[in-house]
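Structure first, commentary second.
Quick note: the coordinates plus some simple rules give every number you see, no bench work behind them. Only a predicted model underlies this, so the values are computations on that prediction, with no experimental measurement involved. Cβ placement follows ideal geometry from the backbone for every residue including glycine, while neighbour counts extend to all protein chains displayed.
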Amino acid sequence: MSESNWAIEIHDSTLDSIEKNGSTLVAVLSAYLHSSVGSPGVSPGSGWSQTAHLQIGDGTDNGVGTPVGLSGGKVDLGDEVHDNLIPLPMTHDGPVRIELETAKGEIVVLAGNGLRVVLVGSAVRVDDFPGE
């Protein structure tokens, strides 16, 4: 089976750190990724682990401590909102607001102008996903 559609599942990922690189905010995730020939996170496929950098231009955050496990969240790109899944590849020009719910019930808010998701290193297969 050739799995070609990918997405980061916020639930089951860990926010390792939030860093500043000039005016760019970089949220570093130990990300859980879904891969599927259909809809990632819905259709049968596989689960993977990989480091992901969420790069937000002119980014700000609300100062929640890291590392922290995530239980859910959403990515608001203005004209579209992604609940718990971040489709890959992801590049967006324009306002962005990301809300990540921690396993402790805190909300991490990342906001700015523009979003680019960069996968770092190699993905490691974790499991098979039977679908919902």
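Table for the structure above
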read-out	value
Rule-of-thumb Rg ratio for segment 4-43 [Cα; 2.2 N^0.38 Å; N residues]	1.46
Note, ³J(HN,Hα) from phi for segment 18-30, Karplus 6.51, -1.76, 1.60, rounded to Hz, x at Gly and Pro	10, 10, 10, 10, x, 8, 8, 8, 10, 8, 9, 10, 8
Karplus 3J(HN,Hα) series, Hz, for segment 32-37 with 6.51 cos²θ - 1.76 cosθ + 1.60 (x for Gly, Pro)	9, 10, 9, 10, 7, 7
Student exercise, the chain dipole from Lys, Arg, Asp, Glu Cβ charges, in Debye to nearest 20	280 debye
Positive-end residue of G121, V81, T24, charge dipole of segment 1-127 with Cβ unit charges	G121
Kirkwood hydrodynamic radius of the chain, Cα pairs, Å	14.7 Å
Amide H contacts under 5 Å for S71, placed H, 5+ residues apart	E101, T102, A103
Highest to lowest packing among 5-17, 105-117, scored as the average C-beta count within 10 Å	5-17, 105-117
Where labels lie 7 Å past Cα in the beta-carbon direction, separation of T60 and T91 in nm	2.7 nm
Cβ-Cβ FRET estimate between L77 and D127, R0 fixed at 30 Å, reported to 0.05	0.55
